[in-house]
Amino acid sequence: MRDAGPGRPSVPVVIAENATTGPACIDAASLAPQLVLAGHAPADIARLLHEHPATASNPDTTTAFLAALTGHWHRNARKPAPPGAPGLRTYQHRAAAAGLALLGYRLS
């Protein structure tokens, strides 16, 4: 984005010809740890991931993405808190624990 000048906000431009889509399982894999954080049992969410068409058709990609996301949370949770985000590291610790719980079911 470029500054459009004084008093003129910059506007992001999206070039549609560069747009892509990823595997359908990514959305469900991203949502699964959040469901655990919301109080759902990891076993129930793991079963949902196993049975849902978007994730059942690509189980290796689902597990790999969940592992990468969990690792991202785990690594960043150990860093110092950034200014203005006092609860971020606590959230990342909890999200990493939720991801590990789901991975335990997926890999057993």
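Ignoring ligands, DNA and RNA, what percent of the 1.4 Å accessible area of the chain is carbon and sulfur? Walk me through the numbers on the way to the answer.
Values: 4370 of 7290 Å².
Of the solvent-accessible surface of the chain, carbon and sulfur hold 60 percent.
With charges only on Cβ, +1 for K and R and -1 for D and E, what is the dipole size of the chain about its Cα centre, in debye, rounded to 20?
Approximately 540 debye in magnitude.
Looking at Gly39, Pro59, Ala16, which one has the Cα that reaches farthest to the positive end of the dipole of the chain (charges on Cβ: Lys, Arg +1; Asp, Glu -1)?
Gly39
At 1.4 Å probe radius, can you tell me the per residue accessible area of segment 8-108 in Å²?
Accessible area per residue, segment 8-108: 64 Å².
Short version: what are the Cα gyration tensor semi-axes of the chain, square root of 5 times each eigenvalue, largest first, in whole Å?
They are 32, 22, 11 Å, listed from largest to smallest.
The values are calculated or read from the model by the stated rules, or taken from the named source; none is laboratory data. Values in this document were obtained by computation on a predicted structure and should not be read as measured data. All Cβ positions, even for glycine, are placed from backbone atoms using ideal geometry, and neighbour counts span all protein chains on display. To get the accessible areas, we keep the full protein, side chains included, count just its heavy atoms, and leave off ligands, DNA and RNA. Shrake-Rupley method; radii C 1.70, N 1.55, O 1.52, S 1.80 Å.
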